[in-house]
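Okay, structure first, notes after.
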Amino acid sequence: MTSFDDGAMPMTLPVRPADPAFGELLLSSHLRLVGEPLCPAVWETGRDAARWLYEQAPFGLLAHDTSADPRFVYANSTAQNCFGYSWGEFVGLPSRLSARPDGQEDREAFVRAVTAHHYATGYRGIRVGKSGRAFWIEDVTMWDLMDTEGRIHGQAAVFRSWSPTDI
């Protein structure tokens, strides 16, 4: 069990798609660590922000847990469409399977940078969808899902653009 809100009842993983407490963790940790908001100011917190992140955000948003082989706990609708997985298929999938075998080293280096500095930006990498189709994710920022007490609950990544590969 993992608690995503400060001292409240712990939540079990996976979270619901538009869970307000998880949305708050995504938003607050991004603002605190990256230094900029993740969604429009009108929806800085709460149910509307969580719904917007899941249903309407114009970027892909993924999160994985802290297990030895991290598993996705969140994928917004944009990410689901890019990868071709439903919520039920995405959540629980080892996050390493989102990258091709020949892209694992670059992916791991980016994850290590986040672990060392709590966030990293500027990543571009090839990902593979459910169908086996490869595509680029670009303009990626990844950060620790760190609560206000400094506990890390996983890592999240936002990719602001994606495109087909020629490979």
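The table for this structure:
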| quantity | calculated |
| --- | --- |
| Nonlocal amide H pairs with Tyr85, under 5 Å, H built at 1.01 Å | Lys130 |
| Among Ala134, Leu62, Pro37 the positive-end extreme of the charge dipole of the chain (Cβ point charges) | Ala134 |
| Debye equation applied to the C-alpha atoms of region 80-167, log10 I(q)/I(0) at 0.13, 0.21, 0.24 Å⁻¹ | -0.44, -1.10, -1.34 |
| Top of Val128, Val114, Val42 by mean-square fluctuation, Gaussian network on the chain, Cα under 10 Å | Val42 |
| Interchain or long-range residues, amide H under 5 Å from Leu93's placed H | Phe72 |
| Charge sum, other residues only, whose C-beta stays under 13 Å from Arg71's C-beta, Lys/Arg counted +1 and Asp/Glu -1 | -2 |
| Dipole moment magnitude, nearest 20 debye, the chain about Cα centre, only Lys, Arg, Asp, Glu C-beta charged | 420 |
| Residues Ile126, Ile152, Ile137, sorted so that the one with the fewest Cβ neighbours within 10 Å comes first | Ile152, Ile126, Ile137 |
| Stretchable slack from Ser163 to Glu55, in nm (0.36 nm times residue separation minus alpha-carbon distance) | 36.8 nm |
| Among Leu62, Leu33, Leu145: highest mean-square fluctuation, GNM of the chain, C-alpha pairs under 10 Å | Leu33 |
| Relative contact order (%) - region 20-164, alpha-carbon pairs under 8 angstrom, separation at least six | 23 |
| Inter-probe distance in nm under a simple model that places probes 7 Å from Cα toward Cβ, at Leu93 and Glu138 | 2.2 |
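All of the numbers you see were taken from the coordinates with simple rules; none came from a lab. Predicted model, so just to flag it, every value in this text is computed and none were measured. Don't worry about glycine lacking a Cβ; one is built from the backbone with ideal geometry, like all the others, and counts go over all protein chains shown.
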